[in-house]
Amino acid sequence: MGELASVIFTAEFLGNSLRFATPLILAAMGGVVNERTGVLNLGMDGMMLIGAFSAFAGSYFTGNAWMGVLIAVISCLLIGLLHAFCTVTLVMNQVVVAVAINTFSMGLASSLLRTLFGTSTSALRSPGFENIAWPQALQDLPFFGPVLFQQTIFVYIAILAVPTIWWVFFKSTWGLSIRAVGEYPKAAETMGVSVTKVRYLALLFAGAMGGLSGAALSITGLNTFIDNMTAGRGFIAFACIIFGRFHPVGAGLGALMFGLAQGLQLRIQTVGIPMPYQIPIMFPYIITIVLLVAMGSGSVPAGWGTPYYPDEE
Amino acid sequence: MGEDNKKSLGFASRINWSGIVTPLIGIALGLSVGAIFIWSQGVNPLHAYYYLLEGSLLSWASLSGTLVKTVPLALTGLAVLYSYKSEIFNIGAEGQVYMGAIGATIIGINFPNVPAPLHILMVLVFAGILGGAFAFIPGYLKAYKGINEIVVTMLMNYIALYFLSMIVQGPLKEPDSFFPRSVPLVDTAVLPKLFGSHLHIGIVFAVVLAIFLSWFFRRTTTGFKMIAAGHNPNALHYAGVNVKMLLTKVMVVSGFIAGAAGAVEIMGVHGRLIENFSIGLGYDAIAVALLANLSPLGVLLSALFFGALKTGANSMQISTGIPVSFVYMVQAMVILFVVASKEMPRIIAIYNKRRRVKKNG
């Protein structure tokens, strides 16, 4: 068993897991903000997909990976705006809107991939992000080198995003508004906080983070886009938020857990361990459900998933 | 509140015109947005839509292909509708379909000496039981622990997806096969084909189930209680109904239907268990149920519409170069427009009131 562990838990494995966790952390940090304002956003997967596609397309056509990121963020802001318009202004069912946004994004990304790039996309590569050029001494550090110093910039953005969101939530007045709107929108409105404005901004922020997260998928190494590239990662990010009880640090830890599970799956397949590789990927979902049962319904923001009707008795 | 009651009793007890007009408006607007995309690709939208129609409905070959796609959409659509009548959002139909497919395969590759009708029935029931058991978990957690069913069913979809992948690469894998798939079902468990086409008898199951549910929600006490449980659980509780038990059962039956839908796909289309055979079906089912305005008979029509979109898209792609995936955009827009136009009266009322409040200071 000890021998097995030493084969699996290598520095390379942890580095890979952190890389897998990065898009999840980015998406979860956006998601946790809008979930806390009371909007149930299952549309993160669609946002990430659009982000991944527009980062690739933007980077390909401008020849600059940073432009790709910018275009991804702008495209996803538009998707966030659509989500906000439907769920906040038109007060539509939040799950239905999310299902529609995911379907729409899948259709749009695949269609544009074919109309813009033709049918054979396998050879197309865009400019992308390399690992950050840390001093060679740091990169060669035993263990810490591969885990922390052979990564792209997205990994560091993700790691910094967690304390930043935590600070905004619990130390700033914005955080107070966000939490008030999610827990008790009526009271927030009486306090002079506009529920509509806060929810719009939160969904736009979630969109921007979804764009970053998508870019972290498509233009950090693969530098291409394939159909359904997110493979449900937006839903995993949602699961991370649930796992973390709507707390940014908890959500970040959840993303790490899912990242480790994915790293483990890869390791099992490459090392050839006689165990179905599906077991480690299923595991975090089961843990999340068990946690959900253990903590009960109280840990969810009180106004979560319920539309807010301004001025309605 | 009074408005709401009238509306819900309305579509349970008689045909209401808005239930027919709203989906048509949604479809028209959805296709219009699609037309803009087609036009932006330099193709005449009418041309593209003609090929879509031709490839989906205008010949028996294309119509039967459409109907084959309609069957799983209608069955899972009915599963989603069943729980949504009680305001329970079962987005876990996807996972329940997978569990049903696993159950169907276990029974379908064994028992070669059972007469075909009995064998098919056994498959359907066992698949339904697995789907129902899988749906019991979120149902119980929702009813007794107050845990959001949307979250639990979403998580369980992935458990089912990876479980199926594990089963089809492990215990149920066809020996010596390169592909992750099971051995074929025995002949008695394969659904009979109709009129010499790929269309199988599953279409009859879907129609019968839709008619039954239509009767069930209009005429039976249980159906009425289910609708009431969604709108006013407290009143029902004081009337002496065990609401928690009722809601759990609703979810189990919804899962049973979804599981059986998975079995019909395995028995009617694939003939064996394969990986990823119905990715996204559970989400399409939500679109089907919403476009049907939660009417069981309407589900048949909306499933036909989405089935036709999926089937016709191929010939549209061949003839005009508009990619198949384009129809997902139309599907999403149709749903957004249908739901938005259903909410419109309420939205207008809210904004009128807000304007009045502002004016009067």
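The values are calculated or read from the model by the stated rules, or taken from the named source; none is laboratory data. Here the structure is a predicted model, which is why all the values come from computation and not from measurement. Neighbour counts run over all protein chains shown; Cβ positions are idealised from the backbone, glycine included. The protein model used for the area step is the full one, side chains on, heavy atoms only, and it has no ligands, DNA or RNA in it. Shrake-Rupley method; radii C 1.70, N 1.55, O 1.52, S 1.80 Å.
The table that follows gives values for the structure above.
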item	result
For B:Q331: the one exception among (1) of a type outside the set (A, V, I, L, M); (2) touching a Phe, Trp or Tyr at 6+ places or on another chain (Cβ under 8 Å); (3) surrounded by fewer than 24 Cβ atoms within 10 Å (Cβ to Cβ); (4) in a helix (DSSP H, G or I)	(3)
Residue ranges of helices (runs of 4 or more DSSP H) in segment B:202-277 with at least 3 members open to solvent by 50 Å² or more (accessible area, probe 1.4 Å) and at pLDDT 85 or above	B:202-219, B:243-265
Residue in segment A:219-233 that is touching a residue at least 60 places away in the same chain (Cβ under 8 Å), part of a helix (DSSP H, G or I) and open to solvent by 10 Å² or more (accessible area, probe 1.4 Å) present	yes
Some residue of segment B:132-149 being in a loop (DSSP other than H, G, I, E, B) and closer than 21 Å to A:P284 by Cα	yes
Matching residues, segment A:157-191, being over 12 Å from A:V33 (Cα atoms), surrounded by 12 or more Cβ atoms within 10 Å (Cβ to Cβ) and hydroxyl-bearing (S, T, Y)	A:Y184
Filter result (farther than 12 Å from A:G210 by Cβ and either in contact with a strand residue (DSSP E or B) (Cβ under 8 Å, 6 or more places away or on another chain) or buried (at least 19 other Cβ atoms within 10 Å of the Cβ) (or both)) within segment A:54-81	A:F56, A:A57, A:G58, A:S59, A:Y60, A:A65, A:G68, A:V69, A:I71
Selected residue [within 26 Å of A:F9 (Cα to Cα) and buried (at least 24 other Cβ atoms within 10 Å of the Cβ)] from A:F258, A:F238	A:F258
Residue count for segment B:30-47, restricted to those that are within 12 Å of another protein chain (Cβ to nearest Cβ) and without any contact (Cβ under 8 Å) to a residue 12 or more places away in the chain	2
Residues of segment B:170-201 that turn out to be in contact with an Asp or Glu (Cβ under 6 Å, 6 or more places away or on another chain), aliphatic (A, V, I, L, M) and modelled with pLDDT of 85 or more, as a count	0
Residue in segment A:131-140 that is in a helix (DSSP H, G or I), farther than 24 Å from B:A285 by Cα, within 18 Å of the chain's Cα centre (by Cα) and not β-branched (V, I, T) present	no
Residue pairs meeting the criteria (Cβ under 9 Å; at least 6 apart or on separate chains; first in a loop (DSSP other than H, G, I, E, B), in segment A:80-104; second of a type in the set (S, T, N, Q))	A:N93/A:T87
Within segment A:82-96, considering residues that are at the interface with chain B (Cβ under 7 Å from one of its Cβ atoms) and open to solvent by less than 30 Å² (accessible area, probe 1.4 Å), the one nearest to A:E35 (Cα to Cα)	A:V95
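Table: residues versus (1) within 15 Å of the chain's Cα centre (by Cα); (2) more than 30 Å from B:P175 (Cβ to Cβ); (3) open to solvent by less than 20 Å² (accessible area, probe 1.4 Å).
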| site | (1), (2), (3) |
| --- | --- |
| B:G30 | no, yes, yes |
| B:W39 | no, yes, no |
| B:P45 | no, yes, no |
| B:G100 | yes, no, yes |
| B:G103 | no, no, yes |
